[in-house]
Amino acid sequence: MSHRIQEVNVKDNYIIEAIFYNGEIKQYDMKQLFVVFPQFEKFQSIPELFQRASVDTGGYGVSWDDELDLDAETIWEDGILIEMQKSPESIRLISAKSNVVWEIHHY
């Protein structure tokens with residue numbers, strides 16, 4: 001199963017907060033990557049770069065520039081669960097003409 005990110009927010013102290021399509025919100029401490037992947041140390045020398053975090057197309061990760069990105073699965077597996085957003089209940093649409101029932105689920 002692929003976990004996709006809907007929104008990302010930048011927090012203090014090099015922490016990102018990812019809101020996944022299933023409603024879970026996870027925080028990920030980017031400092032743990034500074035030693036393993038030195039290219040992430042750029043955040044310390046260029047603070048405004050860290051502020052540029054954005055969700056990749058399709059929600060499969062977070063990017064800062066052409067060189068720095070982080071996979072959604074890494075954030076999912078190693079991030080700390082903060083909360084679970086409640087999603088609206090499914091909406092049932094019933095066609096009176098054809099007696100067809102559609103269900104719309106919000107994820």
Fill in: Tally, over segment 45-102, of residues that are basic (Lys, Arg) and at pLDDT 95 or above
1
Fill in: Elements of type helices (runs of 4 or more DSSP H) contained in segment 4-54, each with 3 or more residues being exposed (fewer than 14 other Cβ atoms within 10 Å of the Cβ)
32-36
Discussion item. Name the single residue that is surrounded by the fewest Cβ atoms within 10 Å (Cβ to Cβ) among those in segment 57-73 being touching a residue at least 24 places away in the same chain (Cβ under 8 Å) and assigned to a loop (DSSP other than H, G, I, E, B).
Written reply: GLU67
Response to the item:
Cβ pairs under 8 Å, 6+ apart or interchain, first in segment 6-34 and touching a residue at least 12 places away in the same chain (Cβ under 8 Å) and hydroxyl-bearing (Ser, Thr, Tyr), second part of a loop (DSSP other than H, G, I, E, B) and surrounded by fewer than 16 Cβ atoms within 10 Å (Cβ to Cβ), ordered by first then second residue, are TYR14/LYS31; TYR21/TYR107
Response to the item:
In the set VAL55, VAL10, VAL35, the lone residue that is within 10 Å of the chain's Cα centre (by Cα) and β-branched (Val, Ile, Thr) is VAL55
Worksheet item: So which of VAL35, VAL10 ends up being of a type in the set (Val, Ile, Thr) and at pLDDT 95 or above?
Response: VAL10
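The values are calculated or read from the model by the stated rules, or taken from the named source; none is laboratory data. Since this is a predicted model, take the numbers as computed values, not measurements. Note that we place each Cβ from the backbone using ideal geometry, even for glycine, and neighbour counts take in every protein chain shown.
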